[in-house]
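The values are calculated or read from the model by the stated rules, or taken from the named source; none is laboratory data. What you see is a predicted model, and the numbers here were worked out from it, not measured in a lab. Cβ placement follows ideal geometry from the backbone for every residue including glycine, while neighbour counts extend to all protein chains displayed.
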Amino acid sequence: METITISIEVDADSARIFSEASIDERRKLQLLLRLRLRELTTGPVRSLGDIMDEIGARAEARGLTPEILESLLHDD
């Protein structure tokens, strides 16, 4: 399979983690990103609202409360 390099913006921590990873770990991360991108773009089209609702439900299930979210969003 031919590969083409693309650039995506990520937060500083994600960039650091990737740059500090071993070559083997980078390959694994690249494969996971490739699979996830394909999954997101070939599946049924979902509205942004549906996606945001799913993300919110997952965050809530993991213990994120409105108070914690507010604290995270306003943490300087």
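Does segment 29-53 hold any residues that are closer than 25 Å to residue 18 by Cβ, out of contact with any helix residue (DSSP H, G or I) (no Cβ under 7 Å at 6 or more places or on another chain) and surrounded by 10 or more Cβ atoms within 10 Å (Cβ to Cβ), and which are they?
30, 31, 32, 33, 34, 35, 36, 37, 38, 40, 51
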task = Just give me the residues in segment 1-55 being within 22 Å of residue 69 (Cβ to Cβ), modelled with pLDDT of 90 or more and among the small types (Gly, Ala, Ser), in sequence order.
result = 12, 14, 49
